[in-house]
1. Compare the Cα positions of Pro98, Ser152, Leu61 along the charge dipole of the chain (+1 at Cβ of Lys, Arg; -1 at Cβ of Asp, Glu; about the Cα centre) and return the one farthest towards the positive end.
2. Compute the length gained on full extension between Val27 and Ala175: take 0.36 nm times their separation in residues and subtract their Cα-Cα distance, giving the result in nm to one decimal.
3. With point charges of +1 on the Cβ of Lys and Arg and -1 on the Cβ of Asp and Glu, referenced to the Cα centre of the chain, which listed residue (Ile47, Ala142, Asn190) lies farthest in the positive direction of the dipole?
4. Show me the helices of the chain, taken as full DSSP H stretches, that run 15 Å or more along their long axis by Cα and average 0.5 or above in Kyte-Doolittle hydropathy.
5. Which listed residue (Val214, Ile224, Val10) has the Cα farthest towards the positive end of the charge dipole for the chain, taking +1 on Lys and Arg C-beta and -1 on Asp and Glu C-beta about the Cα centre?
6. What dipole magnitude, in Debye to the nearest 20, does the stretch 46-141 give about its Cα centre under +1 on Lys/Arg Cβ and -1 on Asp/Glu Cβ?
7. Got a sec? Which residues in the stretch 137-156 would a label at Asn43 touch, if it sits 7 Å along Cα→Cβ and we count backbone N under 15 Å?
8. For the chain, what are the per-bin percents of Cα-Cα distances with bins 10 Å wide, up to the bin holding the maximum?
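Just so you know, all these numbers are worked out from the coordinates, no wet-lab data involved. Everything numeric in this text was worked out from a predicted model, so none of it was measured. Cβ coordinates were reconstructed from backbone atoms using ideal geometry, including for glycine residues, and neighbour counts include every protein chain displayed.
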Amino acid sequence: MRVLVLGAGVVGTTSAWYLAGAGHEVVVVDRQPVAGNETSFANGGQISVSHAEPWANPHVLPQVIRWLGHEDAPLLWRWRADPAQFMWGLRFLNECRPAHTRRNMAAIVALALYSRGCLQALRRELALEYDHLERGILQFAAVTNPLKIGYSTMALIGVKADGQRIEEIARQIAAFDEVIYLTITAGAYNFLVEVTCMDNAHLLRFLTEHLYGVEGVREAETFIYLDIVKEIYAWDPQGVTGDR
Ligand SMILES: Cc1cc2nc3c(=O)[nH]c(=O)nc-3n(C[C@H](O)[C@H](O)[C@H](O)COP(=O)(O)OP(=O)(O)OC[C@H]3O[C@@H](n4cnc5c(N)ncnc54)[C@H](O)[C@@H]3O)c2cc1C
């Protein structure tokens, strides 16, 4: 079969290579004078097999709204009367649902593992030489302990509130600077609210002026932290991306 590959980036050139290997007659066309001169030119060079978060995920939507109108946005959406683009947008939104995101992430990892195998085989076959490391990628996450930087008072507050306006009240409480964590809960309290304050006087101001100032807050019980014994931040709690 005669195949025309449009674009000589990393995808076009490798596709052409495998197609030619499968016995097809392949022509690669590019608007640039040399191959790999656009997105594939001088990128980060990381083969991040385990970094498999799909763009379509539940957390991307607020970002996409913020990025609208920015030409340098990582995910660029230009408004135009194009039904195909509109349908693509709807499909993208559908894939942002948590169950779809998990399924897509697993599929991306499987594809990435397969692709890494292909790359390793290609390097052996063609004796491709370039500087590379295969020690995995170490990601650092710095999490500040508020107690160490002057916020000497941390507390968990159980809040009882007007049951018919739970979500609205939760949003109002979450908006306060002192609040670092808020969950809506079943049980004796409607919310568990974690706060950091400079001192007890600050906590008192938060309780009296902020928390009890929110219409619908009925009762609060405050548990002041004496020490933090365990605090973990797992990157991959479900082991979805397992491989390194
Ligand atoms: C700053 C940056 C850093 C990145 N870092 C990484 C990284 O560390 N690891 C990683 O895995 N990925 C990284 N990426 C992503 C990665 O570079 C891209 O996913 C990949 O290069 C895309 O390859 P491609 O062949 O699809 O596209 P391209 O490399 O853009 O190839 C498309 C080709 O099509 C040609 N073309 C387009 N339109 C026409 C036309 N109408 N007629 C003729 N030719 C046309 C273009 O000239 C181009 O050569 C990075 C991207 C950027 C921008």
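1. Towards the positive end, the residue furthest out is Pro98.
2. Additional length available on full extension: 47.5 nm.
3. Going by the charge dipole, the pick is Ile47.
4. Details: long enough: 10-21 (16 Å, 0.88); 83-95 (18 Å, -0.08); 98-126 (41 Å, 0.07).
Once both thresholds are applied, what remains is 10-21.
5. Val10
6. That gives the stretch 46-141 a dipole magnitude of about 380 debye.
7. Taking a point 7 Å out along Cα→Cβ of Asn43, no residue of the stretch 137-156 has its backbone N under 15 Å.
8. 6, 17, 23, 23, 14, 10, 6, 1
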